[in-house]
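Notes follow the structure.
The values are calculated or read from the model by the stated rules, or taken from the named source; none is laboratory data. Keep in mind that this is a model prediction, so the values were computed, not measured. Note: ideal-geometry Cβ built from the backbone for every residue, glycine included; neighbour counts use all protein chains shown.
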Ligand code: IVH
């Protein structure tokens, strides 16, 4: 039997091997062991740690995905503010920047370091005793959200780092998702019938704020570092910082360059703009930084941007193409949106054949016509925009776009409410609306019926199995026919039917949202469901009663009344009730507590007995409201330990402060 010291040593050596393999694979992009070998080492470490859990260290690679989902992100104050950059869009602006630098430095020699401007989000990593202690987002520059658990899943970020000179330090850099990984993530989202992300940057930003590190780990996040701060070692130049980061095995992008004058900066910018598309990640420009830290200090900063650095932004990616046709799409509410069908054109890495035109006002404003040549732009977004018409290329016979009189799908005459910009197809049975309503009903934030994606709904509609969303719960009677259909089979049919059955457990607020009542988003559905407690109460409520609910205005109140005054909708609700969906809140109105009902609470500090969401739910269930900031209107501040500015504000304003014990007494 090995001694505990030997086992400790063994664990340490396995961890070291994994760290080294991660570095070679994720940072150097030059692995020296294959996946199988890597997995075997990892497995050995897992097993060792399972047998000797007391030996698990927070920085063990087995702990990259660990811990419970985060409930609320803590706020972290940045030791040094995280500044942003001022932008320049052409060479002249770079020259102006250079002149300002020259003037302030009064004739001293200076150099620049140029780097790529990654299109991601900035994060700060704080290491203590060579261990990653906290990771935070930029937030407002002064303080950000603590996202340590999520950052640990990024395998190019070392969990332990440092050397004899560096043990306590902060590293900053950019978190991003590579272009092809972004495409894959969206493909998977689509397959699962989930939301499509607009661009890689938003996906990275959304991912780092997910509560569950397991899901974060499944999304390939990358990191490039560009700053290191330390109180231990005096670093004299930015160039040296980058070299230190490389030595400490942090990922540093290879495309950085020391330039001795603004002309060399310009050459670098042009070179990088040329290779931009061939890079595996998105960049939106170049960052130019004065190299000497002493000179950076002389230059200082104005408002939130340093005077020693500037971003040179590349021009948005534009192309010219022809509008082959302008077609209209009809959504679930009947709203009609025009879309331009384009002569396919290659732009920024993909072929584009459609662009959104938003609404008819936009077509009129830009005078966009069928047959026009137009400039289109692709930001980081999936759906490109039409920027402008190239009037010189317009043909003589071109005619202004005419808003269609009838629905392109069902031919019903379109209507336009006076106060809105959209035109609507008023035909409730319009196939496009039917499909849209069912899609909305099953969508992730509504009934979340997995497996019932658009193409499958379409097949079911075509076969007459589905005419509306209430039919979903009768689909089981077609089980045998579905199994026999192409694309289905026993397993996938039963998966869909099980997902449908499971959706019956969704709470009333989700069901209310799924009904697709116009103007009722997720939040409104929540407010209405907790106020009225049941669909019957809501249906029977007069418009004035609905208006009493905080945040609910006349547009919504009227929409609710209109919805329930329609027999078709009442029938749908009745059928859904019979199918067993929830039309009552778990906690009903009767529970209203007069000490809490109508009162405004602010929660602050760390609560010991409750998770924040739970405390919020208790308050809301009892008829109270939770607000994020303290004002004269606040009735109670529930303060946990380490409560900060909100507590002092409450004391200042004389707002009643409750301890957790006081709160418990109040809710009893
Ligand atoms: S330096 C004071 N370097 O651009 C210097 N930022 O507008 C501030 N960014 O928040 C940051 N690549 O998210 C720096 N090589 C790079 C960068 C970079 C991307 C982002 C970063 C920052 C924003 C500034």
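Take the conditions (1) touching a residue at least 60 places away in the same chain (Cβ under 8 Å); (2) more than 16 Å from the ligand (Cβ to nearest atom); (3) assigned to a helix (DSSP H, G or I); (4) touching a helix residue (DSSP H, G or I) at 6+ places or on another chain (Cβ under 7 Å); residue 186 misses just one of them, which is (4). Taken together, the residues in region 296-352 that are more than 16 Å from the ligand (Cβ to nearest atom), at positive phi and modelled with pLDDT under 90 amount to 2. Scan region 133-144 for residues that are within 16 Å of residue 204 (Cα to Cα), modelled with pLDDT under 95 and away from the ligand (no atom under 13 Å from the Cβ) and the total you get is 0.
Only residues that are touching a strand residue (DSSP E or B) at 6+ places or on another chain (Cβ under 9 Å) and assigned to a helix (DSSP H, G or I) were counted across region 272-293, and they come to 5. Restricting attention to region 21-37, the residues that are assigned to a helix (DSSP H, G or I) and under 32 Å from the mean Cα position of the chain (by Cα) total 8. For region 158-182, taking the residues that are part of a loop (DSSP other than H, G, I, E, B) and within 16 Å of the ligand (Cβ to nearest atom), the one that is nearest to the chain's Cα centre (by Cα) is identified as 177.
Conditions (1) within 19 Å of residue 581 (Cβ to Cβ); (2) more than 32 Å from the chain's Cα centre (by Cα), marked per residue:
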| residue | (1), (2) |
| --- | --- |
| 453 | no, no |
| 468 | yes, no |
| 474 | yes, yes |
| 478 | no, yes |
| 481 | no, yes |
| 486 | no, yes |
| 492 | no, no |
| 500 | yes, no |
| 506 | yes, no |
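Give region 240-257 a look and list any residue that's within 15 Å of the ligand (Cβ to nearest atom) and either in a loop (DSSP other than H, G, I, E, B) or over 19 Å from residue 173 (Cα atoms) (or both), or say none. The answer is 250, 251, 252, 253, 254, 255, 256. Could you please let me know if residue 147 is closer than 28 Å to residue 258 by Cβ and within 16 Å of the ligand (Cβ to nearest atom)? Answer is no for this residue. Report yes if some residue within region 227-237 is crowded, with 20+ Cβ neighbours inside 10 Å, within 20 Å of residue 170 (Cβ to Cβ), out of contact with any helix residue (DSSP H, G or I) (no Cβ under 8 Å at 6 or more places or on another chain) and touching a residue at least 60 places away in the same chain (Cβ under 8 Å); otherwise report no. No, region 227-237 has no match at all. When the residues of region 270-286 are filtered to those that are within 13 Å of the ligand (Cβ to nearest atom) and over 23 Å from residue 28 (Cβ atoms), the one that is surrounded by the most Cβ atoms within 10 Å (Cβ to Cβ) is 286.
Say we look at region 86-119 and pick out the residues that are within 26 Å of residue 222 (Cβ to Cβ) and modelled with pLDDT of 95 or more; which of these is farthest from the chain's Cα centre (by Cα)? Looking at residues that are within 26 Å of residue 222 (Cβ to Cβ) and modelled with pLDDT of 95 or more, I get 112. The C-beta contact set for region 106-127 (first residue closer than 21 Å to residue 272 by Cβ and more than 10 Å from the ligand (Cβ to nearest atom), second residue in a strand (DSSP E or B) and at pLDDT 95 or above, distance under 6 angstrom, 6+ apart or interchain) comprises 111/258; 112/259; 112/288.
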